[in-house]
Each structure stands twice: as structure tokens, then as C-alpha cells.
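Report on the following structure.
The values are calculated or read from the model by the stated rules, or taken from the named source; none is laboratory data. Values in this document were obtained by computation on a predicted structure and should not be read as measured data. Please note: Cβ atoms are built from the backbone with ideal geometry, for glycine as well, and neighbour counts cover all protein chains shown. We work out accessible area using only protein heavy atoms, side chains counted, and drop any ligands, DNA or RNA first. Shrake-Rupley method; radii C 1.70, N 1.55, O 1.52, S 1.80 Å.
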Amino acid sequence: MKELFVINAQYNQEANKAILSILNGLSNAEREQERGSYYKSLSGLVTHILGGNTFLLGMFKDAVAHNDAALKALAALQTVSVPEGSLSEAQWKQLGADIETVDKAYINFTKALTDADLKAPVKINWYKGNPDSVPVFFLLTQLAAHGTHHRGQVSQILDELKIDNDYSGVSVAFLPK
């Protein structure tokens with residue numbers, strides 16, 4: 001079961017690199033332009049992806065408190081800052097570096113998990129309190145779905161701009177050897 005979450009984390013990293021590669025080719029004004037999405041601009045969407053990944057990964061600390069390798073992976077999140085509002089060129093570059101940090105932490109975290117960790121409860125305050133916790137594997141599934149959903153929004157905007165993009169496939173290179 002753990003291998004699936006490692007693959008999801010590796011795909012997340014690959015897809016984020018592909019998006020950043022494309023968006024780095026745009027001007028800051030093009031990334032900041034209102035695009036009609038809930039998060040307004042392309043940089044707003046990418047900032048939200050970073051924020052969502054950072055938030056969700058941060059929720060696992062108590063569930064894996066006994067797993068030193070998992071905690072070490074999550075400790076990397078402490079260096080990440082999620083910006084608010086419009087981004088300058090320098091903030092955009094920092095956003096890219098922070099995404100790389102979070103993506104590595106995500107991969108290292110999933111690799112460090114045990115089968116018991118995957119079943120450990122994570123306290124949440126969603127679903128109107130029912131349930132009050134979900135297993136780590138459920139929240140990891142939410143993490144993968146969240147990133148995929150928002151990268152799909154980025155893809156739609158890029159399609160409208162007639163900018164080639166394709167980060168929808170999971171590479172066979174991620175298969176365990």
C-alpha cells in the first residue's frame with residue numbers, strides 16, 4: 001500500500017516541476033493576471049497548491065510522532081513560507097524553491113511510513129466533526145487529489161492561452177524496482 005503513496009508523491013513532484021517550467025517562461029504580469037479562477041491568477045493557483053500541500057503534510061506530525069524518519073521529512077516544512085497576494089518576481093522564484101522543498105519532504109515522508117503509520121489517526125475538524133479523525137492513508141489520498149485538481153485548473157488556463165502542457169501521466173519510472 002505504501003508504494004502507491006510514494007508514487008503519488010513522486011508524480012506530484014514531477015507535475016509541479018512541469019508546471020513551474022512552463023510558468024517560468026511567462027512574464028510576472030502574465031502569471032499575475034486575473035484568469036477567472038477562484039484563486040484568480042496562475043501564481044495564485046500555484047501558491048494555493050503550495051499552501052495546501054504544506055498544510056496537509058503538517059497535519060501528520062502527531063500521527064507519526066514515533067517515526068523519526070517521517071518527522072525529519074516533515075521538519076523541512078518549517079523553512080517554507082506561503083506568500084499572500086500578488087507576487088513579485090523574487091517571490092515567484094522563492095515560491096518555486098519552496099515547492100521543491102515541500103515536494104521532497106512529501107516524497108521522503110511517504111518513503112518513511114510503515115503500514116501501521118498509514119492506519120494511524122489524524123485529527124481533523126472537517127465533515128462537521130464526524131469523523132473527528134481519519135487515517136493517514138485517507139489524508140494522503142486527499143493530498144494527491146488536491147494537487148491534481150488545482151494542476152488541472154492551471155492546465156485549463158494554459159489550454160485557453162494555447163500554451164502546450166501535459167503533466168497528466170504517471171511515469172513508469174516510479175514503479176518500485
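Details
- Here the label points at GLN33 and ASP68, each 7 Å from Cα along the C-beta direction, are separated by 5.3 nm in the simple model.
- Cα→Cβ-extended label distance, 7 Å offset, between LYS128 and SER88, nm: 4.7
- Think of a 1.4 Å ball rolled over the protein heavy atoms: the chain then has 53 Å² of accessible area per residue.
- C-alpha long axis of helix 89-112 to longest principal axis of the chain, angle in °: 30
- Test item: Cα-centred dipole of segment 49-177, Lys/Arg +1 and Asp/Glu -1 on Cβ, debye: 360
- Sites listed here are GluC sites (Glu not before Pro) in segment 25-132 whose DSSP assignment is loop and whose Cβ has at most 13 other Cβ atoms within 10 Å: GLU34, GLU84.
- Taking the convex hull of Cα positions in segment 75-177, its mean projected area over all directions (nm²): 9.6
- The per residue volume of the convex hull around the alpha-carbon atoms of the chain is 118 Å³.
- Label-to-label distance for ALA75 and THR114 is 2.0 nm, based on points extended 7 Å past Cα in the beta-carbon direction.
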